Amino acid sequence: AYDLELAIEHYRQALKVYTEKDFPADWAMTENNLAATYKNRVRGDRAENIELAIEHYRQALKVYTETDFLADWAATQNNLANAYGSRIRGERAENIEQAIEHYRQALKVFTPDGFPNYCRGTAYRLGNLYLKVRRFSEAAGAYSRGMEAAETLYRASIFLGRKEAELTE
């Protein structure tokens, strides 16, 4: 808990130098890191921490656009989906729909061939959300995509130990 509080303070200090105008990429990275720290924060009100995480992820997306920072944009979409998935405030159904949409955006980039490891995890979490809302065919599609990514990772594994690790995953 103490380390997370220190991290928040250091990120806030960094944002005094890394401004959106002067250092946009560094600013967006710091906003993203600050968001992740709030998402994992132990102290304070959990609901407020998640709201702060969502706000900082949204700030990062001002710079991390699909056009200019494709992989960072997708990772931030994934992170935003995770935050909405655990959001306490607001309507639960709307939060789940927001999470689903952000996962879907991330999967535009996190493909089985291009980013198989990220694709596998994102597709799995998307499938779980679809199951929560009883959208079974969409859940099956998400899980299939994750399995396709897992296949890619398995085929790319050279060593037997790595193949076993991929099978376990």
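If the requirement is being surrounded by fewer than 17 Cβ atoms within 10 Å (Cβ to Cβ) and hydroxyl-bearing (Ser, Thr, Tyr), which of these qualifies: Thr76, Thr168, Thr152?
Values: Thr76 fails: surrounded by fewer than 17 Cβ atoms within 10 Å (Cβ to Cβ); Thr152 fails: surrounded by fewer than 17 Cβ atoms within 10 Å (Cβ to Cβ).
One residue alone meets the criteria, Thr168.
Filter region 1-57 for residues that are open to solvent by 70 Å² or more (accessible area, probe 1.4 Å), of a type outside the set (Asp, Glu) and part of a helix (DSSP H, G or I) and give the result.
Scanning region 1-57 gives Tyr2, His10, Arg12, Gln13, Lys16, Val17, Met29, Asn40, Arg46.
Just to check your reading of the model, which residue among Arg135, Arg125 is over 20 Å from Ala36 (Cβ atoms) and modelled with pLDDT of 95 or more? Quick ask: steps written out before the conclusion?
Values: Arg125 fails: over 20 Å from Ala36 (Cβ atoms).
That would be Arg135, the only listed residue that is over 20 Å from Ala36 (Cβ atoms) and modelled with pLDDT of 95 or more.
Mind listing whichever residues of region 104-126 are open to solvent by 50 Å² or more (accessible area, probe 1.4 Å), farther than 13 Å from Glu148 by Cα and assigned to a helix (DSSP H, G or I)?
Selection gives Arg104, Arg125.
The values are calculated or read from the model by the stated rules, or taken from the named source; none is laboratory data. What you are looking at is a predicted structure, and each value in this text was computed from that prediction instead of being measured. Here the Cβ is made from the backbone with ideal geometry for all residues, glycine too, and neighbour counts use every protein chain on show. Heavy atoms of the whole protein, side chains included, go into the accessibility calculation; ligands, DNA and RNA do not. Shrake-Rupley method; radii C 1.70, N 1.55, O 1.52, S 1.80 Å.
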